[in-house]
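Trainee: Here it is, the structure in full.
The values are calculated or read from the model by the stated rules, or taken from the named source; none is laboratory data. Owing to the predicted nature of the structure, the values given are computational and were not obtained by experimental measurement. Cβ coordinates were reconstructed from backbone atoms using ideal geometry, including for glycine residues, and neighbour counts include every protein chain displayed.
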Amino acid sequence: MEADRLRATIASAQAGSAEAYERLLDAYGRRLYGYFFRATGKHHDAEDLLGELMLRLVRQLGKYDHRGRFEPWLFRIAANLIRDRIRRRKSKPTAVSLSAENDGGEALGDKLPASHDPVNGSLVSAEMSKELHEALQSLDDMTREIILLRFFGQMSFKELAETFQCPLGTVLARVHRGLKALRRIMAKDDEGTSNQPV
Amino acid sequence: MKALQTNQYERIARVLDGCDESLTDSERAAVEEIRRLEADVCGRLDTEVPPVVLSRARARLAGALFRRRRIIRLRLFSGVAAAAGLLLVVALGYWAREPVSVPRMPAVTKVPAGPGAAQTWAPDVTSALLRTDRNADLLMLDREMSELETGMMASAPDVELDALERELQDLVVGDGTAVFPPGL
């Protein structure tokens, strides 16, 4: 979205225009969803986080003062949402074993439909690149977050340094190392895929 | 490629952010490498968004906006109600402090002297006194009370006349040996 148009849209949204909020969702929804998906590796988490971000946007847009760029501001909220969720997951694990049997000898896994996908089965399976997710998970948290914010949030290295409160050189060094590691893992995966018998 | 130092990374970062910096050959090579890596790796991060996700997000957004509007209306209403309440309290306070129209005083000019005079205060005058606390009213009442007291007080000629009357009665109803006062 152009700077002037974005400024006008934000001003309208701040005045309470539902249409303006929808325009912001149209402009940034895809990138935000991609960011959430690559950070969590799950489509339903990404969808939930996107909805939560919209709620935060409604609550916090009034505080946005047009001095800085909007995208870093928006993606900082998104990064905080992910951090909150990871923290909550760590403090309150909710994993339930699908093979654990109840009193009647039935496992929870048996009760679930054969294929359960909250979004869209075919699309998710096509998109769900497990290798890419694992490659991202192999990076340390900060490097992964910086790379995702750099790509999805289109943040400059200066903005990233401000967001993570670390020197500019350190941010780029992390990005450089992280990208090299990702390419290495991806190259291995690509080789493995191409060598598979058809 | 030789490992880069932090200050070299800083210069490279500034160049990647669009600033002009003079770079060494190895730094320029690093810039090219990072650009290639970003294009290669980050291009694969992109993901398609199922349309249903955006429509659900839109619905949540609409719900959040509706709730927000309701909260704003509620706050506005509360503000108006509070202002109206305050106005009411002020009006009631003002009304309570308004000077009460004091009922007409009973005729005080011809109050007979004596113990019965105290009963000339009408009950509504007393209640008026209790209901008002304004200085002006108090002053006015004080002045009227003084006038009343003055009116009730027997004057010196009255006292003399009373004494003469008593002596005259004593003389009329008394024995014949009583002596008339001089002048009679």
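Trainee: Give me a count of the residues in region A:157-175 that are at the interface with chain B (Cβ under 10 Å from one of its Cβ atoms) and either buried (at least 20 other Cβ atoms within 10 Å of the Cβ) or among the aromatic types (Phe, Trp, Tyr) (or both).
Mentor: Selection size over region A:157-175: 11.
Trainee: Being more than 30 Å from A:Asp26 (Cα to Cα), part of a helix (DSSP H, G or I) and more than 7 Å from chain A (Cβ to nearest Cβ) is the requirement here; does B:Leu86 meet it?
Mentor: yes
Trainee: So B:Ala113 ticks every box in (1) assigned to a helix (DSSP H, G or I); (2) of a type in the set (Gly, Ala, Ser); (3) at pLDDT below 80 but one. Which box is left unticked?
Mentor: With (1) assigned to a helix (DSSP H, G or I); (2) of a type in the set (Gly, Ala, Ser); (3) at pLDDT below 80 applied to B:Ala113, the lone miss is (1).
Trainee: Can you work out which of the residues in region A:130-173 that are closer than 17 Å to B:Cys42 by Cβ and outside any helix (DSSP H, G or I) is farthest from the chain's Cα centre (by Cα)?
Mentor: Of everything passing the filter in region A:130-173, A:Ser156 is farthest from the chain's Cα centre (by Cα).
Trainee: Could you count how many residues in region B:15-24 are facing chain A (nearest Cβ under 10 Å) and either surrounded by fewer than 13 Cβ atoms within 10 Å (Cβ to Cβ) or farther than 22 Å from A:Met186 by Cβ (or both)?
Mentor: Looking only at that region, the number is 4.
Trainee: Further, regarding this structure: Being among the β-branched types (Val, Ile, Thr) and modelled with pLDDT of 90 or more, is that true of even one residue in region B:41-48?
Mentor: No.
Trainee: Which of the residues belonging to region B:25-35 are more than 9 Å from chain A (Cβ to nearest Cβ), without any contact (Cβ under 8 Å) to a residue 24 or more places away in the chain and either surrounded by 12 or more Cβ atoms within 10 Å (Cβ to Cβ) or of a type in the set (Lys, Arg) (or both)?
Mentor: Passing the criteria: B:Glu27, B:Arg28, B:Val31, B:Arg35.
Trainee: Can you pull out the residues in region B:47-66 that are assigned to a helix (DSSP H, G or I), hydrophobic (A, V, I, L, M, F, W, C) and facing chain A (nearest Cβ under 7 Å)?
Mentor: Correct list: B:Val52, B:Val53, B:Leu54, B:Ala57, B:Leu61, B:Ala62, B:Ala64, B:Leu65.
Trainee: Same structure again: For region B:37-46, name all the residues that are more than 7 Å from chain A (Cβ to nearest Cβ) and either in a loop (DSSP other than H, G, I, E, B) or of a type in the set (A, V, I, L, M) (or both).
Mentor: The answer is B:Ala39, and nothing else.
Trainee: How many residues, within region B:1-13, are part of a helix (DSSP H, G or I) and more than 7 Å from chain A (Cβ to nearest Cβ)?
Mentor: Adding up the residues that qualify gives 2.
Trainee: Next question, about the same structure. With respect to A:Gly29, determine if the residue is of a type outside the set (S, T, N, Q), surrounded by 15 or more Cβ atoms within 10 Å (Cβ to Cβ) and either over 21 Å from B:Val53 (Cβ atoms) or at pLDDT below 90 (or both).
Mentor: Judged against the criteria, A:Gly29 is not a match.
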